[in-house]
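Peer 1: Let me begin by handing over the structure; questions about it come next.
The values are calculated or read from the model by the stated rules, or taken from the named source; none is laboratory data. All values derive from a computational prediction rather than experimental measurement. When we count neighbours, we look across all protein chains shown, and the Cβ atoms used for this are built from the backbone with ideal geometry, even at glycine. What goes into the accessible areas is simple: the full protein's heavy atoms, side chains included, and nothing from ligands, DNA or RNA. Shrake-Rupley method; radii C 1.70, N 1.55, O 1.52, S 1.80 Å.
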Amino acid sequence: VSRAIKPFAEPGRPPDWFSQKHCASQYSELLETTETPKRKRGEKGEVVETVEDVIVRKLTAERVEELKKIIKETQEKYRQLKKDAELIQAGHMDNRLEELCNEIMMWVISLF
């Protein structure tokens, strides 16, 4: 698993973040901190939620929230850049062109 997820790493992770030992310790910590779902009495063949299911649901919800935040920030930045572009085309920002160009370049670089 550690090798399979390495290409999807966020920037800034330490080199040993995806080592098998570190991944195993993270998984162990998740298992210890997650409440075990209560077993229900029911019919045979009923699907019982496992600890792994709870972890997946929790981590998926967290990631969805992270992605929503990133999308919102990106949309706000896009709106600002579009507004700036309109002001530049109208000639209202001629004195700040170099500064705006540097800001745009830094933003583009941060995307990669």
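Peer 1: For the chain, what is the calculated [θ] at 222 nm in deg cm²/dmol (nearest 500), taking -39500 (n - 2.57) for each run of four or more DSSP H residues and dividing by its residue count?
Peer 2: -22000 deg cm²/dmol
Peer 1: Shifting gears a bit: Among 67, 92, 56, which residue has its Cα furthest toward the positive end of the charge dipole of the chain, with +1 on Lys/Arg Cβ and -1 on Asp/Glu Cβ?
Peer 2: Sorting the options by dipole projection puts first 56.
Peer 1: A further question follows. For the chain, with all protein chains present and a 1.4 Å probe, just round the carbon and sulfur fraction of the accessible area to a whole percent.
Peer 2: Summing carbon and sulfur atoms, their accessible area is 57 percent of the total for the chain.
Peer 1: Relative to the longest principal Cα axis of the chain, at what angle does helix 97-111 sit, 0 to 90 degrees, rounded to 10?
Peer 2: The angle comes out near 20 degrees.
Peer 1: Here's another thing I want to ask about it. Measure nothing but the geometry: give the 0 to 90° angle between the long axis through the Cα atoms of 51-89 and the longest principal axis through the Cα atoms of the chain, rounded to 10°.
Peer 2: For 51-89 against the chain, the angle is about 10 degrees.
Peer 1: Something else now. With N denoting the number of residues in the chain, provide Rg(C-alpha) divided by 2.2 N^0.38 Å, to two decimal places.
Peer 2: 1.74
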